[in-house]
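Participant: Provided herewith is a single structure, encoded as structure tokens, for subsequent inquiry.
The values are calculated or read from the model by the stated rules, or taken from the named source; none is laboratory data. Just so it is clear, the model here is predicted, and its values are computed rather than measured. Methodologically, a virtual Cβ is constructed for each residue, glycine included, from the backbone with ideal geometry; neighbour enumeration extends over all protein chains shown. Protein only, heavy atoms only, side chains kept; ligands, DNA and RNA dropped before computing areas. Shrake-Rupley method; radii C 1.70, N 1.55, O 1.52, S 1.80 Å.
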Amino acid sequence: MLSVFRLELPLKTPIAGRELTPKLLVRRPDRTITADDVPESAPLEGHFLRYRWYRVHSYGEVIYCSVHPSERATSQCQSCSKYNTLTAMSYHCSPECFSNAWYDYHRVVHEQATKAAAEKKNVDDELRRYLSSTFGSFFGSVSNPNLSNVSATPNYIGGERLVEVGCSRTYTPMDRDIGHVLRMIPVEGIDQDDGLTSAGSFTLLSYNILSESSADGRLYNYCPPWALSWPYRSQELLREIVGYRADVVCLQEVQSDHFDDFFRPELYKHGYEALYKRRTDEVFSGNVHRKIDGCATFFRADRFSCVRKYDVEFNRAAWYLAEAVIPSDQKTTALDRLVKDNVALIVVLEAKFGNQCTDASGKRQYICVANAHVVNIDQELKDVKLWQVFTLLKGLEKIASHSDIPTIVCGDLNSFPGSAAHYLLSTGMIHPLHLDFEVDPLGILHPKDRLTHQLPLVSAYASFMTRGTGRGSVMHSRRMDCQTNEPQFTHCSRAFLGTYDYIFYTADTLRVEALLELLDLGAALPSSQWPSSHLALMAEFRLSPKTRSPAPNAKRLRLNASTELL
């Protein structure tokens, strides 16, 4: 059955004159999830998508916030209400909402209105020109060719009157839509998923969200400044993350202030509990303006509970390594190379859903999730990347392997497919002649044959491609590298196009049931539609009925002299 997995508008506030193309994810019968349309002219197994756009007229004229359109407005800027052009952006849901908007853009708009009035110009016309030049040609009355065959018959749903205004996938709002909520109702004749997972399975999302401190306007100068700003991107990220409805969400590059003030409280509203590991700050300790990010893991409280949390600090491992194997006169140089402030967050979760709360023997069912952000993509640090991945895997072995806990390793590993770190993850060993061994100035990768692990890890995207069939899999495979079976890219900026985000899982205890299909992008990221330079990866897993998961060891993870996590 064809079903709609996610549907939302690309903008928080639709703008008159700017065409809207909704973000749509469809789940095909072969369980792949795609952003491709399924029009009536090219049905899939007899199913297709049909669209209806409505302008909402609520009884009592309920007004919604212009910044947070899902929240009802509690106040209106009286100065903006005097001008037709500004009416749609004059409503706010709280004093904090208005205050943030004032410092972001609202004050400047007031200044433009005052200037136009002082020059005795038509204020609405001047404001429309200013907004168009600043945010693009989004304002003004624009004819809509899609309306020629549209019915104006009102509909009534739950105390609201819906006036149909469009029947194609796209819609261009007009002046008469200002002040009203636009609603897109998908489909006739297909089912809408209430959730991605079926009983006994769960979904996991991994996403590097691009922290505010990393969203440099010089590096991403092709992205409009307003779309690169944190107030805009934070709302788009929240909308995207919530829209995926994953059971476990692993985010990288989450600033500590954004975790406390935004992500944790906002995702709590959607039923998620949160765990966080902030990066250490030895490298940036002298920069008081540097905002430190970290790894954040969220899980649905109705499906999981947290049993254990382990913080992994690679800096600490570096100090132990330096003490153990680096000569005294080389320790400073070695630590300069090894100490990069990277961290990982490991959590052991207990399942609460379906018949998977216990296995066949009555023991509780656990999963272990490692959320990691490895040292940056600099190819001069191949040895450090590999050492960090090896250190993480040895720690996971201590937690998971002896008790057969299903294990997932995900995140931004900053390692290409085919790199030594990727080989270690996917095969458990590295060929001694691998070229990455040529970069090892400290000798930390010797002896080479010790770089092994016993976890039967497999890449979710690679494994699904090798057994995929059907139209969906064919389209998905076009975005995969046929040599490595990994995505062609998970990061897409003008400076770099490539893959270093992954989801690995233990194939003896988990099976991949579905994947979030890779986006077919036509432009660099971030953009006004996609708020990060990375792509989100998501997989649906089913627990193996043979899995046995006794309670995990409660001992705190520490790093000994051999760099193994205990």
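Participant: Taking the condition open to solvent by 50 Å² or more (accessible area, probe 1.4 Å) and outside any loop (DSSP other than H, G, I, E, B), does GLN235 pass?
Facilitator: Working: open to solvent by 50 Å² or more (accessible area, probe 1.4 Å): no; outside any loop (DSSP other than H, G, I, E, B): yes.
No; evaluated as a whole, the condition is false for this residue.
Participant: Looking for something basic (Lys, Arg) and closer than 18 Å to VAL348 by Cα - is there at least one such residue anywhere in the stretch 448-468?
Facilitator: no
Participant: Out of the stretch 90-107, which residues are surrounded by 13 or more Cβ atoms within 10 Å (Cβ to Cβ), under 24 Å from PRO225 (Cα atoms) and out of contact with any strand residue (DSSP E or B) (no Cβ under 6 Å at 6 or more places or on another chain)?
Facilitator: CYS97, ASN100, ALA101, TRP102, ASP104, TYR105, HIS106
Participant: Might you check whether a residue that is closer than 30 Å to TYR366 by Cβ, among the basic types (Lys, Arg) and touching a residue at least 24 places away in the same chain (Cβ under 8 Å) occurs anywhere in the stretch 229-238?
Facilitator: At the first step, the residues of the stretch 229-238 found to be closer than 30 Å to TYR366 by Cβ are 237-238.
Narrowing further to those that are among the basic types (Lys, Arg): none.
No, there is no match, as no residue in the stretch 229-238 is closer than 30 Å to TYR366 by Cβ, among the basic types (Lys, Arg) and touching a residue at least 24 places away in the same chain (Cβ under 8 Å).
Participant: Further question on the same structure: Looking for something in contact (Cβ under 8 Å) with a residue 24 or more places away in the chain, over 20 Å from LEU349 (Cβ atoms) and exposed (fewer than 15 other Cβ atoms within 10 Å of the Cβ) - is there at least one such residue anywhere in the stretch 245-253?
Facilitator: Residues of the stretch 245-253 that are in contact (Cβ under 8 Å) with a residue 24 or more places away in the chain, as a first pass: 245-253.
Applying the additional criterion that residues be over 20 Å from LEU349 (Cβ atoms) yields 253.
From what's left, exposed (fewer than 15 other Cβ atoms within 10 Å of the Cβ): none.
Within the stretch 245-253, none of the residues are in contact (Cβ under 8 Å) with a residue 24 or more places away in the chain, over 20 Å from LEU349 (Cβ atoms) and exposed (fewer than 15 other Cβ atoms within 10 Å of the Cβ).
Participant: Also: Return the residue satisfying two criteria in turn: it lies in the stretch 515-562 and is modelled with pLDDT of 55 or more, in a strand (DSSP E or B) and over 16 Å from the mean Cα position of the chain (by Cα), and of such residues it is nearest to VAL26 (Cα to Cα).
Facilitator: PHE541
Participant: Scan the stretch 256-273 for residues that are open to solvent by less than 30 Å² (accessible area, probe 1.4 Å) and either part of a strand (DSSP E or B) or among the aromatic types (Phe, Trp, Tyr) (or both) and jot them down.
Facilitator: Those that are open to solvent by less than 30 Å² (accessible area, probe 1.4 Å) and either part of a strand (DSSP E or B) or among the aromatic types (Phe, Trp, Tyr) (or both): PHE259, PHE262, PHE263, TYR272.
Participant: Step by step: first the residues of the stretch 150-169, then only those that are at pLDDT 65 or above and touching a Pro at 6+ places or on another chain (Cβ under 8 Å), then the one that is farthest from GLY17 (Cα to Cα). Which residue is that? Working first, answer last.
Facilitator: To start, the set of residues in the stretch 150-169 that are at pLDDT 65 or above comprises 163-169.
When the remaining residues are screened for being touching a Pro at 6+ places or on another chain (Cβ under 8 Å), the result is 163, 169.
Working: VAL163: 19, ARG169: 16 Å.
The qualifying residue farthest from GLY17 (Cα to Cα) is VAL163.
Participant: On to the next question. Kindly establish whether LEU451 is closer than 21 Å to VAL307 by Cα and open to solvent by less than 10 Å² (accessible area, probe 1.4 Å).
Facilitator: Considered against the rule, which asks whether it is closer than 21 Å to VAL307 by Cα and open to solvent by less than 10 Å² (accessible area, probe 1.4 Å), LEU451 comes out as no.
Participant: When you go through ALA334, ALA370, ALA351 one by one, which is the residue that is closer than 21 Å to LEU451 by Cβ and either buried (at least 22 other Cβ atoms within 10 Å of the Cβ) or at pLDDT 95 or above (or both)?
Facilitator: Exactly one residue qualifies, and that residue is ALA370.
Participant: Return yes when TYR207 is in a strand (DSSP E or B) and buried (at least 22 other Cβ atoms within 10 Å of the Cβ) and no when it is not.
Facilitator: In short, yes.
Participant: Another one. Quick test for you: out of GLU71, GLU45, GLU61, pick the one residue that is open to solvent by 50 Å² or more (accessible area, probe 1.4 Å) and modelled with pLDDT of 75 or more.
Facilitator: GLU45
Participant: Using the structure shown, decide if ASN84 is at pLDDT below 65 and either within 18 Å of GLY17 (Cβ to Cβ) or open to solvent by 50 Å² or more (accessible area, probe 1.4 Å) (or both).
Facilitator: Criteria not met by ASN84.
Participant: For ARG52, indicate whether it is outside any loop (DSSP other than H, G, I, E, B), at pLDDT 75 or above and open to solvent by 40 Å² or more (accessible area, probe 1.4 Å).
Facilitator: yes
Participant: State which residue is surrounded by the fewest Cβ atoms within 10 Å (Cβ to Cβ) when the search covers only the stretch 210-232 and only residues that are outside any loop (DSSP other than H, G, I, E, B) and hydrophobic (A, V, I, L, M, F, W, C).
Facilitator: Result: TRP226.
Participant: Among ASP104, ASP30, which is the only one that is in contact with a helix residue (DSSP H, G or I) (Cβ under 9 Å, 6 or more places away or on another chain) and modelled with pLDDT under 70?
Facilitator: ASP104
Participant: For the stretch 386-413, give me each residue that is open to solvent by less than 10 Å² (accessible area, probe 1.4 Å) and either more than 13 Å from VAL312 (Cα to Cα) or assigned to a strand (DSSP E or B) (or both).
Facilitator: LEU386, TRP387, ALA400, ILE405, PRO406, THR407, ILE408, VAL409, CYS410, GLY411, ASP412, LEU413
Participant: Among residues belonging to the stretch 85-125 that are in contact with a Cys (Cβ under 7 Å, 6 or more places away or on another chain) and not in a helix (DSSP H, G or I), point out the one that is farthest from SER66 (Cα to Cα).
Facilitator: Going through the qualifying residues, I end up with CYS93.
Participant: Then there's this: So the check is Cβ under 8 Å with 6+ separation or different chains; which pairs have a first residue in the stretch 409-435 that's farther than 21 Å from ALA536 by Cα and among the β-branched types (Val, Ile, Thr) and a second one that's assigned to a loop (DSSP other than H, G, I, E, B) and open to solvent by less than 10 Å² (accessible area, probe 1.4 Å)?
Facilitator: That search, which allows pairs on different chains as well, returns ILE430/LEU451.
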